[in-house]
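Novice: Would you mind keeping the following structure in view while I ask a few things?
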Amino acid sequence: MFRGASALSLDSKGRLALPKRYRPVIDEECGGAMVCTIDHHLPCLLLYPLPEWERIEAKLARLSTLNPNERRLQRLLLGHAAECELDSQGRLLLAPTLRQYANLSSRVMLVGQLNKFEIWDEACWQQQIEQDKQQPLESTGELSERLNGLSL
């Protein structure tokens, strides 16, 4: 389970050192093998442990290549997917195309999202948080039902 937000530095080679608290879990779950791809809705990256990504990939494989929307989703997620592995210092090398997509500068935010991380440019993350705070969650029956009455 990944949770919390961490401000990190991206070095000049595009390497990101993951916080030490996550490394044992990542090592145990996937031996340091991860997959990074784009978020097709937001200007950030999604970083998955390999076993979690393989579950996503299996779902994507079941989509129809004849349906334009499903094909577009496959193209975006699979086409940008890049394998990356933690080195001995706990760093991941992010592909240049991924860094460019998310406009990553030297300061980034690593945001835990249970089964994956989001990687944001720090300034863009702050803008997104402000936007999210301005738009309160709508109390729909479906959302309440899915949260099983959780009071937020």
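Novice: May I ask you to list the residues in segment 34-56 that are surrounded by fewer than 18 Cβ atoms within 10 Å (Cβ to Cβ) and not charged (D, E, K, R)?
Specialist: Within segment 34-56, His40, His41, Leu42, Pro43, Pro51 meet the criteria.
Novice: If you check every pair at least six apart or on different chains, which have Cβ atoms under 6 Å apart with a residue in segment 24-35 that is under 12 Å from Leu50 (Cβ atoms) first and a residue that is outside any helix (DSSP H, G or I) and among the hydroxyl-bearing types (Ser, Thr, Tyr) second?
Specialist: So the pair list comes out as Val35/Tyr48.
Novice: Mind checking which pairs have a first residue in segment 65-79 that is surrounded by fewer than 13 Cβ atoms within 10 Å (Cβ to Cβ) and a second that is at pLDDT 90 or above, Cβ under 8 Å, 6 or more apart or different chains?
Specialist: Within 8 Å, the pairs are Thr65/Arg71; Thr65/Gln74.
Novice: Next question, about the same structure. Just checking, which of Leu114, Leu94 is open to solvent by 50 Å² or more (accessible area, probe 1.4 Å) and under 16 Å from the mean Cα position of the chain (by Cα)?
Specialist: Leu114 is the lone residue from the list that is open to solvent by 50 Å² or more (accessible area, probe 1.4 Å) and under 16 Å from the mean Cα position of the chain (by Cα).
Novice: What pairs can you find where one residue is in segment 110-137 and closer than 18 Å to Leu92 by Cα, the other is of a type in the set (Asp, Glu), and their Cβ atoms are less than 6 Å apart, with a gap of 6+ or different chains?
Specialist: Val111/Glu118; Asn115/Glu52
Novice: Of these, Ser151, Ser144, which one is hydroxyl-bearing (Ser, Thr, Tyr), at pLDDT below 70 and not in a helix (DSSP H, G or I)?
Specialist: Only one candidate qualifies: Ser151.
Novice: With the structure loaded, tell me whether Ala82 is farther than 22 Å from Ala5 by Cα, open to solvent by less than 50 Å² (accessible area, probe 1.4 Å) and of a type outside the set (Phe, Trp, Tyr) or whether it fails that test.
Specialist: Against the criterion (farther than 22 Å from Ala5 by Cα, open to solvent by less than 50 Å² (accessible area, probe 1.4 Å) and of a type outside the set (Phe, Trp, Tyr)), Ala82 qualifies.
Novice: Looking for something part of a loop (DSSP other than H, G, I, E, B) and out of contact with any Cys (no Cβ under 8 Å at 6 or more places or on another chain) - is there at least one such residue anywhere in segment 68-81?
Specialist: Among the residues of segment 68-81, not one is part of a loop (DSSP other than H, G, I, E, B) and out of contact with any Cys (no Cβ under 8 Å at 6 or more places or on another chain), which makes the answer no.
Novice: Also: If you take the residues of segment 5-33 that are of a type in the set (A, V, I, L, M, F, W, C) and under 21 Å from Ser106 (Cα atoms), which of them is surrounded by the most Cβ atoms within 10 Å (Cβ to Cβ)?
Specialist: Filtering first and then ranking leaves Leu16.
Novice: Taking Asp87 as meeting all but one of (1) touching a strand residue (DSSP E or B) at 6+ places or on another chain (Cβ under 9 Å); (2) part of a helix (DSSP H, G or I), write down the number of the exception.
Specialist: Exception for Asp87: condition (2).
Novice: Which of the residues belonging to segment 82-94 are touching a residue at least 60 places away in the same chain (Cβ under 8 Å) and either of a type in the set (S, T, N, Q) or within 12 Å of Leu10 (Cα to Cα) (or both)?
Specialist: Scanning segment 82-94 gives Gln89, Arg91, Leu92, Leu93, Leu94.
Novice: What number of residues within segment 77-94 are farther than 30 Å from Leu63 by Cβ and in contact with a Ser or Thr (Cβ under 7 Å, 6 or more places away or on another chain)?
Specialist: 0
Novice: Of the residues Arg62, Arg107, only one is exposed (fewer than 12 other Cβ atoms within 10 Å of the Cβ) and not hydrophobic (A, V, I, L, M, F, W, C); which?
Specialist: Checking each option against the conditions leaves just Arg62.
Novice: Another question about this same structure. Restricting attention to segment 37-67, which residues are under 29 Å from Arg23 (Cα atoms), part of a helix (DSSP H, G or I) and of a type outside the set (D, E, K, R)?
Specialist: Leu50, Pro51, Trp53, Ile56, Ala58, Leu60 - these are the residues of segment 37-67 that are under 29 Å from Arg23 (Cα atoms), part of a helix (DSSP H, G or I) and of a type outside the set (D, E, K, R).
The values are calculated or read from the model by the stated rules, or taken from the named source; none is laboratory data. None of the values given here were measured: they were computed from a predicted structure. Neighbour counts are summed over all protein chains in view; Cβ atoms, including those assigned to glycine, are modelled from backbone coordinates with ideal geometry. Calculation scope for accessible area: heavy atoms of the full protein, side chains included, ligands and nucleic acids excluded. Shrake-Rupley method; radii C 1.70, N 1.55, O 1.52, S 1.80 Å.
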